[in-house]
1. Are there helices (runs of 4 or more DSSP H) fully within the stretch 285-383 with at least 2 residues that are in contact (Cβ under 8 Å) with a residue 60 or more places away in the chain and over 27 Å from Gly230 (Cβ atoms)? List them.
2. Tell me, yes or no, whether the stretch 187-201 has at least one residue that is of a type in the set (Val, Ile, Thr) and over 30 Å from Ala83 (Cα atoms).
3. Consider Ser9 against the criteria (1) within 13 Å of the chain's Cα centre (by Cα); (2) surrounded by fewer than 23 Cβ atoms within 10 Å (Cβ to Cβ); (3) closer than 27 Å to Glu349 by Cα; (4) within 16 Å of the ligand (Cβ to nearest atom): it satisfies all of them except one. Which criterion is unmet?
4. Among the residues of the stretch 390-405, is there at least one that is within 24 Å of Ala333 (Cβ to Cβ) and not in a helix (DSSP H, G or I)?
5. Evaluate the following for Ala140: is it free of Cβ contacts under 8 Å to residues at least 60 places away in the same chain and in the same structural domain as Ile255 (by TED's automatic domain parsing)?
6. Any idea how many residues of the stretch 210-221 are assigned to a helix (DSSP H, G or I) and more than 16 Å from the ligand (Cβ to nearest atom)?
7. Determine if the stretch 161-174 includes at least one residue that is touching a strand residue (DSSP E or B) at 6+ places or on another chain (Cβ under 8 Å) and in contact (Cβ under 8 Å) with a residue 40 or more places away in the chain.
Amino acid sequence: MADITLKNSRTRSLERLDPIVPGKVSMYLCGPTVYDRAHIGNARSAVVFDQLFRLLRHVFGAENVTFVRNFTDVDDKINARAAETGRPISDITAETSQWYLDDMGALGVLEPTHMPRATAYIAEMVTFIEDLIDKGHAYAKDGHVLFRVRSFADYGKLSGRSVDDMIAGARVEVAPYKEDPMDFVLWKPSADDIPGWDSPWGRGRPGWHIECSAMSHAILGEEFDIHAGGSDLLFPHHENEVAQSCAAGHPFARIWLHNEMLQVEGKKMSKSLGNFFTVRDLLEGHGPGGKGIPGEVIRMVFLGTHYGKPMDWTAEKAVEAAFTLHGYIETIAMMGDIEAAKSLDVDSEIVAALADDLNTHEALVRLRRLRDQPDANALARNLVFLGFFNWQQLEKQVETYRDGVARLSDLAARLQEVRLKAMETKDFSEVDRLKTRLVEANVSVQMNKSGVNLRPEVDFDPSKLEDL
Ligand SMILES: [Zn+2]
């Protein structure tokens with residue numbers, strides 16, 4: 001079994017993954033708040049930790065990995081969206097959750113083992129909060145329940161901040177129901193027109209942080225192996241999760257992983273700069289360049305940068321990745337055998353790269369070497385392992401490519417015939433017509449003395465040749 005080392009943001013050091021229950025791994029990832037399409041920054045987190053999920057399944061066996069990713073379906077942003085649109089909250093959250101699954105699915109993200117919705121765990125949250133009150137770490141005031149930050153000595157350890165620094169620099173909200181400005185909300189009252197649940201403190205709804213503590217506890221237990229999320233969640237969200245769970249007496253997560261943020265063309269992504277893209281924008285071509293980008297291309301761009309480094313999304317990288325993937329499909333179509341590839345083991349150097357703190361960049365370097373060798377079947381096996389395609393998708397891509405090449409060989413013969421005739425009649429209009437249609441289907445057309453050579457290029461579209 002490959003040793004997996006991961007950079008634990010809690011200890012700031014590389015640590016060997018040594019599961020609490022030998023042979024079984026448990027992991028929690030903070031999921032989306034469902035009120036809108038996921039932007040590409042959200043997707044980076046889903047994709048990099050999907051790669052970890054895939055590695056863990058490979059090393060420990062799929063049945064031995066429990067991966068939880070939640071849906072935050074109670075949140076003031078959702079309430080605001082409902083008020084804006086006049087639509088019921090449940091419609092918005094159901095629709096947006098499905099969008100998320102569809103969009104992540106297009107990027108090759110596997111569905112986690114469990115996808116709990118916060119609203120299905122309100123009772124667990126209430127119990128959790130009551131326990132914190134009993135233990136003196138929380139207090140109720142005016143329909144609110146607050147976590148008493150000063151009661152938890154380790155507060156700030158995960159993110160490396162001291163409480164006093166936080167107070168000095170933070171935008172902490174002072175409120176009459178707070179004992180201390182640092183205290184954060186576990187429960188808050190709901191007005192009649194927004195979602196609320198009965199509780200010992202009146203009708204209300206949970207704060208955001210408590211849901212991850214309560215759901216990870218309900219599904220994974222008091223202690224689990226890995227907690228992951230974006231670095232933007234480190235403070236206050238993850239710091240508060242630690243405070244809640246550890247104050248309740250749970251050991252909580254052993255290893256914390258944080259992916260760094262994503263920029264677009266060297267700039268922070270923002271709606272005001274006009275460089276804000278949802279995953280759907282890229283897939284459907286509302287993004288840079290105006291052409292849809294296949295999910296596997298987006299995935300390749302993401303995996304080209306180590307999760308612990310900031311990543312820059314550029315149109316140029318997407319073009320390069322599309323070109324690379326086209327070359328891989330070509331190699332497999334020309335030399336590979338998918339059935340034989342299915343029985344191969346995953347490449348050990350790719351596993352080793354991923355086991356080294358999820359070095360996806362190095363895994364992609366190795367993938368390229370398999371192409372250069374070339375070892376078409378190993379290439380196919382590892383493209384599937386790395387989540388670019390499932391077998392069915394890869395088979396389809398390869399078949400389309402092969403059919404296209406066969407069609408091109410017929411068309412090359414026909415074009416040569418038409419060309420020879422045109423040399424006699426000096427009427428090249430039919431030659432030009434065929435050539436234009438081929439180029440539109442992304443075929444490179446070379447004509448010289450020895451004949452016509454047609455070759456599919458990136459984005460080759462055989463459907464455009466059907467009526468030729
Ligand atoms: Zn969380």
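The values are calculated or read from the model by the stated rules, or taken from the named source; none is laboratory data. No experiment lies behind these values; they were computed from the predicted model shown. Cβ coordinates were reconstructed from backbone atoms using ideal geometry, including for glycine residues, and neighbour counts include every protein chain displayed. Ligands, DNA and RNA are excluded from the accessible area calculation, which covers all protein heavy atoms including side chains. Shrake-Rupley method; radii C 1.70, N 1.55, O 1.52, S 1.80 Å.
1. 315-335
2. No, the conditions are met nowhere in the stretch 187-201.
3. The failed condition is (1).
4. Yes, the stretch 390-405 contains a residue that is within 24 Å of Ala333 (Cβ to Cβ) and not in a helix (DSSP H, G or I).
5. The answer is no for Ala140.
6. 0
7. no
The rows are residues; the columns are (1) open to solvent by less than 20 Å² (accessible area, probe 1.4 Å); (2) under 23 Å from Glu222 (Cα atoms); (3) touching a Phe, Trp or Tyr at 6+ places or on another chain (Cβ under 8 Å); (4) away from the ligand (no atom under 16 Å from the Cβ).
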position	(1), (2), (3), (4)
Ala2	no, no, no, yes
Leu17	yes, yes, no, yes
Ile40	yes, no, yes, yes
Arg44	yes, no, yes, yes
Asp50	yes, no, no, yes
